[in-house]
Amino acid sequence: MRAIVWLRQLDYARRYRRRHPGAVPAPVFMLHIGKTGGTFVKRVLKDPDLFVQQPVLFVPFGHNIRHCHLPEGARFLFCTRDPVRRFASGFASRQRMGRPPSHRPWSRAEAAAFARFATANDLAEALDSADTAEQAAARAAMGAIKHVAQPHSHWFSDRARLARDIAAGRALRVRQEALVPDLEAVLARLGCRLAGAG
């Protein structure tokens with residue numbers, strides 16, 4: 001995975017140099033935690049017409065790259081969301097097979113989970129069921145359904161490293177509940193000026 005990070009950084013540095021001839025700044029990586037607003041943030045960061053001034057090299061990733069894959073001491077951006085809302089959103093998204101905008105068919109385990117649990121609430125309540133078979137089916141569903149199976153902590157296995165990055169100001173968080181104002185604050189902190197901003 002570290003090789004993927006390095007190659008992606010090279011690719012984005014090449015694109016940056018085309019738009020901004022000269023030195024390429026240190027990257028700001030973007031971890032994409034599912035169902036937190038990351039797709040919106042990536043669209044904003046990839047839009048070259050949105051910025052009057054962009055003194056930052058943004059390097060976004062898909063869901064597979066985690067904090068441990070980034071170079072030690074790197075600055076990075078990530079989005080979070082209330083865990084209950086993220087759970088419900090992740091369940092509903094996979095129940096629709098990601099539609100729209102994509103279409104990703106269910107795995108066999110997901111098909112079994114959605115055949116048994118019609119709603120996110122049904123699944124949540126079954127986790128605490130007195131019926132051991134129902135509880136076992138709920139645990140299996142939790143492991144099978146993408147987004148539901150991966151809590152925020154999946155992307156941050158080394159809590160000590162995350163604490164160091166937060167303390168040093170390298171971890172830049174955008175809350176899904178305050179997506180636009182948080183993103184604007186992060187961009188301002190990085191010295192980016194948006195087109196149309198004063």
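The values are calculated or read from the model by the stated rules, or taken from the named source; none is laboratory data. Values in this document were obtained by computation on a predicted structure and should not be read as measured data. Please note: Cβ atoms are built from the backbone with ideal geometry, for glycine as well, and neighbour counts cover all protein chains shown. Areas reflect the complete protein model, heavy atoms only, side chains present, ligands, DNA and RNA absent. Shrake-Rupley method; radii C 1.70, N 1.55, O 1.52, S 1.80 Å.
Give L162, L190, L172 a once-over and let me know the one that is farther than 26 Å from R96 by Cα and touching a Phe, Trp or Tyr at 6+ places or on another chain (Cβ under 6 Å).
L162
Just give me the residues in segment 129-153 being farther than 16 Å from R94 by Cβ, modelled with pLDDT of 95 or more and not small (G, A, S), in sequence order.
Those that are farther than 16 Å from R94 by Cβ, modelled with pLDDT of 95 or more and not small (G, A, S): D131, T132, E134, Q135, R139.
Do any strands (runs of 3 or more DSSP E) entirely within segment 47-134 hold 2 or more residues that are open to solvent by less than 40 Å² (accessible area, probe 1.4 Å) and not β-branched (V, I, T), and if so, which? Before you say what the answer is, go through the steps one by one.
Values: elements: 51-53, 57-60, 75-80.
Output list reads 57-60, 75-80.
Based on this model, can you work out whether D165 counts as open to solvent by less than 60 Å² (accessible area, probe 1.4 Å), more than 16 Å from the chain's Cα centre (by Cα) and not hydroxyl-bearing (S, T, Y)?
Answer is yes for this residue.
I'd like to verify a number: residues in segment 16-42 that are out of contact with any Lys or Arg (no Cβ under 9 Å at 6 or more places or on another chain) and either outside any loop (DSSP other than H, G, I, E, B) or at pLDDT 95 or above (or both), how many?
Of the residues in that region, 9 qualify.
Would you mind telling me which numbered condition in (1) at pLDDT below 90; (2) under 18 Å from Q150 (Cβ atoms) L45 fails?
Exception for L45: condition (2).
When segment 26-36 is examined, which residues are found to be open to solvent by 20 Å² or more (accessible area, probe 1.4 Å) and more than 14 Å from W6 (Cα to Cα)?
Taking segment 26-36 first, the residues open to solvent by 20 Å² or more (accessible area, probe 1.4 Å) are 26-27, 35.
Passing the criteria: only K35.
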